[in-house]
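Novice: This is the structure, below, for whatever I ask next.
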Amino acid sequence: MIVRKSEAEVRRIAAAGTILADCLDQLAGAVVAGITTVELDGMAEEYIRGRGGLPTFLGYRGFPGSICASPNDMVVHGIPGPYVVAEGDILSLDVGVTLDGYVADSALTVPVGEVGPEALRLLDVTRRSLEAAIGACRIGNRLGDVSHAVQEVVEAAGFSVVRSLVGHGVGREMHEEPQIPNYGPAGKGPRLEEGMVFAIEPMVNLGDHDVYVGNDRWSIFSTDGSLSAHFEHTVALTASGPRVLTRRTSEVMGGAGQTVRA
Ligand code: MG
Ligand code: MG
């Protein structure tokens, strides 16, 4: 069953989302060659707790970090650790924040210094596929319209949607129904209704869509070793259209490489 949230609940998810967006902006600004992913994890935990929130991921099914930090061919679920971020990397940062029992979930992928043109295009396409999916979050549409919107943007660019990992409902729990694949036919699936809140999260590989689980049993890698990007927002469906609850100030300001608010 897809839980629909009241306006009061959406406000509480949005409050968690604001902390999360600010946390991601702070992390993105801290990503420089030489920093380790465990340092970024510490910053995030301190920041979230300092604003009265809880890092949702910490302890989730035994996950040892407050963030997921996934460089290069790692798609998602990277455990923060001794990995030293290097010039030319792309680094995906995924964070969850719980505030007063309500959860928001968001991710972005940042370039570290100068990266190659294909990497930049991968980031741009993945971000645009997320925005297309958000645009499809309209009451009366079907869930398949959201999935299809991602696939269309990604495949038109010649990249691959990761198929074995999906977005999800979010709010009272981190993972709620429905599962939201990033591919599939438009016009299928449940009708979208007011009060649904989705974590939409395209994961896009530069090469093939196949992935495998690493030795730590968390990290997921592209099988062909190609670069992978991940962008995610928590989105509420309202009568007046989709409302992004995790929009970062850097996006609204139209900072370098960022999407301006639609
Ligand atoms: Mg996430
Ligand atoms: Mg998620």
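Novice: Select from segment 128-166 those GluC sites (Glu not before Pro) which occupy a DSSP coil region and have at most 13 other Cβ atoms within 10 Å, ordered by residue number.
Specialist: none
Novice: Here's something else I'd like to know. Hey, in the GNM for the chain with a 10 angstrom Cα cutoff, which one of Ser147, Ser92, Ser250 fluctuates hardest?
Specialist: Ser250
Novice: With 32 Å as the cut-off, how large is the P(r) tail for the chain, expressed as percent of Cα-Cα pairs? Numbers along the way, then the final one.
Specialist: Values: 4628 of 34191 pairs.
Tail fraction, whole percent: 14.
Novice: GluC sites (Glu not before Pro) within segment 1-96: which are DSSP loop residues with at most 12 other Cβ atoms inside 10 Å?
Specialist: Answer in residue order: Glu87.
Novice: Also: With Cβ to Cβ distances under 12 Å as the rule, what net charge do the other residues near Asp208 carry (K, R +1; D, E -1)?
Specialist: Summing Lys and Arg as +1 and Asp and Glu as -1 gives -2.
Novice: Within a 10 angstrom radius of the beta carbon, how do Asp124, Asp94, Asp73 rank from fewest other beta carbons to most? List each step's numbers first, then the result.
Specialist: Working: Asp124 14, Asp94 22, Asp73 19.
In increasing order of surrounding Cβ atoms, one gets Asp124, Asp73, Asp94.
Novice: Counting helices only, and only those DSSP H runs with n ≥ 4, report the 222 nm mean residue ellipticity of the chain as the sum of -39,500 (n - 2.57) divided by its residues, in deg cm²/dmol to the nearest 500.
Specialist: Estimated from H runs of four or more residues: -9500 deg cm²/dmol.
Novice: With labels modelled as points extended 7 Å from the Cα through the Cβ direction, what inter-label distance (nm, one decimal) is found for Glu118 paired with Glu173?
Specialist: So the two model labels end up 4.0 nm from each other.
Novice: To continue, here is another question. Under the rule that an exposed site lies in a DSSP loop and has at most 16 other Cβ atoms within 10 Å, name the longest stretch of the chain with no trypsin sites (Lys or Arg not before Pro) of that kind, not counting the sites themselves.
Specialist: With trypsin sites (Lys or Arg not before Pro) excluded where exposed in loops, the chain gives 52-137 as its longest stretch.
Novice: Additional query: Volume per residue, Å³, of the convex hull around the alpha-carbon atoms of segment 1-66? Mind showing how you got there, number by number?
Specialist: Details: hull volume 6.9 nm³, N = 66.
In segment 1-66, the Cα hull volume divided by residue count equals 105 Å³.
Novice: Can you tell me which of Asp22, Asp216, Asp145 moves the most in a GNM of the chain? Springs connect C-alpha atoms under 10 Å apart.
Specialist: Asp216
No value in this document is a laboratory result; all are computed from the given coordinates. No experiment lies behind these values; they were computed from the predicted model shown. Glycine also receives a Cβ, built like all others from the backbone with ideal geometry; neighbour counts cover every protein chain displayed.
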